[in-house]
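**Student:** Take a look at this one; I'll ask things after.
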Amino acid sequence: MDVDVVARILSTLPEDDDHPYRTGPWRPQTTEWRADDLDVVGEIPADLDGVYLRNTENPVHPAIERYHPFDGDGMVHVIGFRDGRAFYRNRFVRTDGFLAEAEAGHALWAGLAERPSLSLRDGRGARGGLKDSSSTDVVVHAGVALTSFYQCGDLYRLDPLTLETLGKAEWHGDFPYACGVSAHTKVDPRTGELLFFNYGTDEPYMHYGVVSADDRLTHYVDVPLPGPRLPHDMAFTENYAILNDCPMFWDPDLLKKGRHAARFHPDLPLRIGVVPRTGSTVQWFEAAPTYVLHWVNAYEEGDEIVLDGFFQEDPEPRDVGDGSHYQRMFRFLALDRMKTKLHRWRLNLKSGRCREERLTDSVTEFGVLNARYGGVGYRYAYAATGVEGWFLFDGLTKHDLLTGKEETYKLPPNVYGSEPAMAPRAGAVDEDDGYLVTLTTDMNDDRSECLIFDAARPADGPLARVRLPERVSSGTHATWAPGDSIPGWRTADSPERAVRLA
Ligand SMILES: [Fe+2]
């Protein structure tokens, strides 16, 4: 391994920190690395070609009062694979908030678990008063990696190979700064478009938009809702965008007093909104009440839209008082507490009715697919399994949605994974002809590896384990970008050279 320290970031976190989401598998990193020719156990497939990008929360300063894991500053990791070799880079996203707090030497914004009035500066987010830490998702659009925030915020643009922050998405002056963009955007691999929505506390409470493959805002419409809502994700088909109004939202009475308390309303349905991708009239469907954090995919079939996602059987887990203070405080982050199960909604565009069915009794979440099948008929979903009581992943499951067959690979005890990504093999014909990639946080050996699985047979275990220079923090979302989606990739002999060629 050829490794350099690029930078060390000054942290003011205490040496004896005891917050569970800033220690152990969530211990933040402060070092930025550049590593080439990573050491490998096994063999990196020569036809694995592209980059796995993963966002993580890496707090640098103590919270003003109470830290929530979604407050941490965004740090993106990239593992690139080319010709059977691998490189690694990690960088903090140089957000406005990260830079301002670096200058101040302490937290300037109240986090998700704190009162907005504690913020020392004007902030962002649907709630307002938050630091836009850009630590939730990462996608690649128009050859650039875009990081996003848990609530609505800016999209930060990063070079997908060096992870240098290039600025914010501007869309030639049309970026909707007032509302921002939600955590999850969707890139359609067939058109190269980026689909997005945002939400807030002012009417119409939601907007939906489309950005073209050449990075111009081509569509932006109001999506009126009955009140402020907290949607997290969206889906799309070839002709439609799919939005949602889940019955989990800020208590309206407390909201009038400036308090932001999310409550589940089991007496209200889940409403799923279908809008033509370039239209503005939303057709709403009602379904059984739940909160859906993440959808997997959607596609058109006759008069119906088939929509798959994770149904929460218990969106508001009760505090049963048998865990630690932190386990109780963060019970909303544990998959087993929310009982997240893969579910299918069938939306009939003619009758306006929704039929739904649970696809499995297994508890999984953070589902991904071969992105070439985004928006069209597909068969396989790959999802993470969770550690009881915690926001940590202990394995991955391949769901065969045609046969109902599942196969699971469990990581060894005290080893945690990241949201997997599916990397289609160069020249693949079959949907599951490719690789699954995930990063580990290994508490037994105090290190991290990138594991590569055969996507057709993940339960057989990893084909290769690629060593990283330092143990990385657990985190949130990840993505796969094929080499041919990155400018200069094919002709470059190093990531830095690819940037110069582009
Ligand atoms: Fe998410």
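Any read-out appearing in this document is the output of simple, stated calculations on the displayed coordinates, not a laboratory observation. The structure displayed is predicted, hence computed values, not measured ones. All Cβ positions, glycine included, derive from the backbone under ideal geometry; neighbour counts span all protein chains shown.
**Student:** Each label point is 7 Å from the Cα along the Cα-to-Cβ direction; what then is the distance between the points at SER324 and ARG263, in nm?
**Tutor:** For SER324 paired with ARG263, the spin-label model returns 3.1 nm.
**Student:** Any of LYS339/LYS405; LYS186/LYS398; LYS186/LYS256; LYS186/LYS405; LYS350/LYS398; LYS339/LYS410 with alpha carbons more than 29 Å apart? Name them for me.
**Tutor:** LYS186/LYS256; LYS350/LYS398
**Student:** Here is a follow-up. Could you pull out every residue, at least 5 positions away or on a different chain, whose amide H is within less than 5 Å of the one on SER473? Hs are placed 1.01 Å off N in the peptide plane, and Pro or chain starts have none.
**Tutor:** Here the answer is GLN29, since their amide H atoms fall under 5 Å of that of SER473.
**Student:** Also: Using only the Cα atoms, work out Rg/Rh for the stretch 48-203, with Rh taken as the Kirkwood radius, to two decimals.
**Tutor:** Rg/Rh for the stretch 48-203 comes to 0.99.
**Student:** Under the rule of at least 5 residues apart or a separate chain, name every residue whose amide H is placed under 5 Å from the amide H of LYS168.
**Tutor:** Under 5 Å from the amide H of LYS168 lie the amide H atoms of ARG157, each far enough along the sequence or on another chain.
**Student:** Report the Cα-based extents of the stretch 324-441 along its three principal axes, largest first, to the nearest Å.
**Tutor:** For the stretch 324-441, the Cα spread along each principal axis is 49, 41, 20 Å.
**Student:** Using bins 10 angstrom wide from zero, how does P(r) for the stretch 291-332 break down, in % of all Cα pairs?
**Tutor:** P(r) over the stretch 291-332, rounded to whole percents: 24, 31, 23, 14, 8, 0.
**Student:** Measuring from label point to label point, each 7 Å out along Cα→Cβ, what is the THR23 to GLU170 span in nm?
**Tutor:** 4.5 nm
**Student:** Taking θ as phi - 60°, what are the ³J(HN,Hα) couplings along the stretch 38-44 by the Karplus curve (6.51, -1.76, 1.60), each to the nearest whole Hz, with x for Gly and Pro?
**Tutor:** 4, 5, 10, 9, x, 9, 6
**Student:** Whole angstrom only: what separates the Cα centroid of the stretch 44-103 from the Cα centroid of the stretch 146-219?
**Tutor:** So the separation of the two Cα centres works out to 19 Å.
**Student:** Which whole-number percent gives the relative contact order of the stretch 119-233, counting Cα pairs below 8 Å spaced six or more residues apart?
**Tutor:** About 19 percent, as a whole number.
**Student:** Could you give the distance between the Cα centres of the stretch 238-252 and the stretch 448-474, to the whole Å?
**Tutor:** 34 Å
**Student:** Once phi is turned into ³J(HN,Hα) by the Karplus curve 6.51 cos²θ - 1.76 cosθ + 1.60 with θ = phi - 60°, what whole-Hz value does each residue of the stretch 379-392 show in order, with x for glycine and proline?
**Tutor:** 10, 10, 10, 10, 9, 8, 9, x, 7, 4, x, 10, 8, 8
**Student:** For the residue pair GLU407 and ASP122, what label-to-label distance in nm results when each label sits 7 Å from Cα along the Cα-to-beta-carbon direction?
**Tutor:** 5.5 nm
**Student:** Defining a contact as two alpha carbons under 8 Å apart and six or more residues distant in sequence, what relative contact order in percent does the chain show?
**Tutor:** Reported as a whole number, the value is 13 percent.
**Student:** Separate question: From the gyration tensor of the Cα coordinates in the chain, what semi-axes in whole Å does the equivalent ellipsoid have, largest first, with each one equal to sqrt(5λ)?
**Tutor:** Working: eigenvalues 188, 152, 111 Å².
After diagonalising the Cα gyration tensor, the semi-axes are 31, 28, 24 Å.
**Student:** A follow-up question, please. Using just the Cα positions, wrap the stretch 262-352 in a convex hull and report its mean projected area in square nanometres, one decimal place.
**Tutor:** Numbers: hull surface 28.9 nm².
So the Cα hull casts an average projection of 7.2 nm².
**Student:** Considering every pair of different Cα atoms, what Kirkwood radius, in Å, is found for the stretch 187-381?
**Tutor:** 17.7 Å
**Student:** To continue, here is another question. Across the stretch 171-186, in residue order, what do the Karplus-derived ³J(HN,Hα) couplings come to in whole Hz, using 6.51 cos²θ - 1.76 cosθ + 1.60 with θ = phi - 60° and x for Gly and Pro?
**Tutor:** For the stretch 171-186, the Karplus-derived couplings read 6, 6, x, 9, 4, x, 4, 4, 9, x, 10, 5, 4, 10, 9, 10 Hz, x marking Gly and Pro.
**Student:** Another question, then. Normalising by the residue count of the stretch 187-381, find the relative contact order in percent from Cα pairs under 8 Å and 6+ residues apart. Working shown, then result.
**Tutor:** On the way: 435 pairs, mean separation 31.5, N = 195.
Across the stretch 187-381, relative contact order equals 16 percent.
**Student:** In whole angstrom, note down how far apart the Cα centers of the stretch 355-400 and the stretch 287-319 are.
**Tutor:** 12 Å
**Student:** For the stretch 390-502, what percent of Cα pairs sit more than 22 Å apart?
**Tutor:** Numbers: 2666 of 6328 pairs.
Of the Cα pairs, 42 percent sit more than 22 Å apart.
**Student:** Given R₀ = 56 Å, what would the calculated FRET efficiency be for ARG8 paired with SER351, taking r from the Cβ atoms and rounding to 0.05?
**Tutor:** Result of the calculation: an efficiency of 0.40.
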